[in-house]
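Asks: A single structure is presented below for examination.
The values are calculated or read from the model by the stated rules, or taken from the named source; none is laboratory data. Just so it is clear, the structure is predicted and the values come from calculations on it, not from any experiment. Neighbour counts are summed over all protein chains in view; Cβ atoms, including those assigned to glycine, are modelled from backbone coordinates with ideal geometry. Areas reflect the complete protein model, heavy atoms only, side chains present, ligands, DNA and RNA absent. Shrake-Rupley method; radii C 1.70, N 1.55, O 1.52, S 1.80 Å.
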Amino acid sequence: MPSVPTPSKAGIVETNGERHIPSSLRPDGTKRKEIKIRPGYKPPEDVEVYKNRTADAWKSRGSAGVPGADGLKDEKDEGSASSNKNAKRREARKKAKAAEDGGEKPKEGSSSTEKKDGKAEELLDPEAEKEKKARNLKKKLKQAKELKEKKEGGGALLPEQFAKVIKINELIRELDALGFDAEGEPKAKEEEKKE
C-alpha cells in the first residue's frame with residue numbers, strides 16, 4: 001500500500017518536496033484544481049498559538065481549590081480527639097442506663113469504651129451517680145431559692161426564672177427520694193448529728 005501523507009489543518013500535503021492542497025470535488029460535482037503552496041509559507045490555521053503558562057495558571061486558579069487542601073483529604077476523617085472521647089462517654093452512659101433499666105450489671109471487660117484510669121467504673125457506680133444527681137438537684141434548688149428571694153424582694157422575674165421557683169417543691173421531693181434532705185445533705189448523717 002502506498003503511504004498517504006497526512007494533511008495539515010489547512011489541508012496542505014507534502015509530496016516529493018512540494019507542498020500543495022490536493023484537488024477535490026465541490027458539492028455541485030465540479031472539480032477544484034490542485035493549489036501549489038510557496039515554500040516557507042505557513043497558513044494561519046497551521047500556526048501554533050502561543051501559550052503563556054503564567055496566564056493559563058491565572059485563568060485556572062479557582063478550579064484547583066484551596067492551596068494545601070489536597071494533603072488534608074488524605075488524612076483520616078475520624079474526627080478530633082475530643083469528639084472521640086465524647087462519643088466514648090456517650091456510649092458508656094447509654095450502657096449504664098440500659099443496665100439500670102434492665103436490672104443487669106454491665107459487662108466490664110466487654111466494651112472498648114471503658115477507660116483505663118477507672119473513670120468508667122466510677123460512672124457505673126450507682127452510689128456515685130446518686131450523689132452526682134443530688135449535687136445537681138442541690139444546685140438547682142439553690143438557684144430556685146435565690147430567685148424566690150429576689151421575687152419576694154420586689155424584683156421582676158423572667159418566665160423561665162418563675163418556672164424554676166415553682167419547681168422548688170418538686171426538687172425537694174426528688175432529693176428526698178434519693179435519700180437527701182432539703183439542703184442536699186445525706187439523711188443518715190443528719191440523724192447522727194441530732195443524737
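Asks: So which residues in the stretch 16-28 are outside any loop (DSSP other than H, G, I, E, B) and either of a type in the set (A, V, I, L, M, F, W, C) or open to solvent by 100 Å² or more (accessible area, probe 1.4 Å) (or both)?
Replies: Answer for the stretch 16-28, where residues must be outside any loop (DSSP other than H, G, I, E, B) and either of a type in the set (A, V, I, L, M, F, W, C) or open to solvent by 100 Å² or more (accessible area, probe 1.4 Å) (or both): Glu18, Ile21, Leu25.
Asks: Go through the stretch 149-188 and give me each residue that's among the basic types (Lys, Arg) and either buried (at least 17 other Cβ atoms within 10 Å of the Cβ) or under 19 Å from Pro126 (Cα atoms) (or both).
Replies: Listed by number, the residues that qualify are Lys164, Lys187.
Asks: List the pairs whose first member sits in the stretch 82-96 and is open to solvent by less than 60 Å² (accessible area, probe 1.4 Å), whose second member is small (Gly, Ala, Ser) and at pLDDT below 90, and whose Cβ atoms are under 8 Å apart, counting only residues at least 6 apart or on separate chains?
Replies: Ala87/Gly79; Ala92/Ser111; Ala92/Ala120
Asks: Considering only helices (runs of 4 or more DSSP H) fully contained in the stretch 45-114, which possess at least 2 residues that are modelled with pLDDT under 65? Talk me through it step by step, then tell me what you get.
Replies: Values: elements: 53-59, 69-74, 81-102.
The helices (runs of 4 or more DSSP H) meeting that bar are 69-74.
Asks: For the stretch 129-167, enumerate the residues that are touching a helix residue (DSSP H, G or I) at 6+ places or on another chain (Cβ under 6 Å), without any contact (Cβ under 8 Å) to a residue 40 or more places away in the chain and of a type in the set (Gly, Ala, Ser).
Replies: Correct list: Ala144 only.
Asks: Find all pairs meeting these conditions: Cβ atoms under 6 angstrom apart; at least six residues apart or on different chains; first residue within the stretch 29-49 and surrounded by 10 or more Cβ atoms within 10 Å (Cβ to Cβ); second residue of a type in the set (D, E, K, R).
Replies: If the second residue must be of a type in the set (D, E, K, R), the pairs left are Ile37/Arg19; Glu45/Lys9; Asp46/Lys9.
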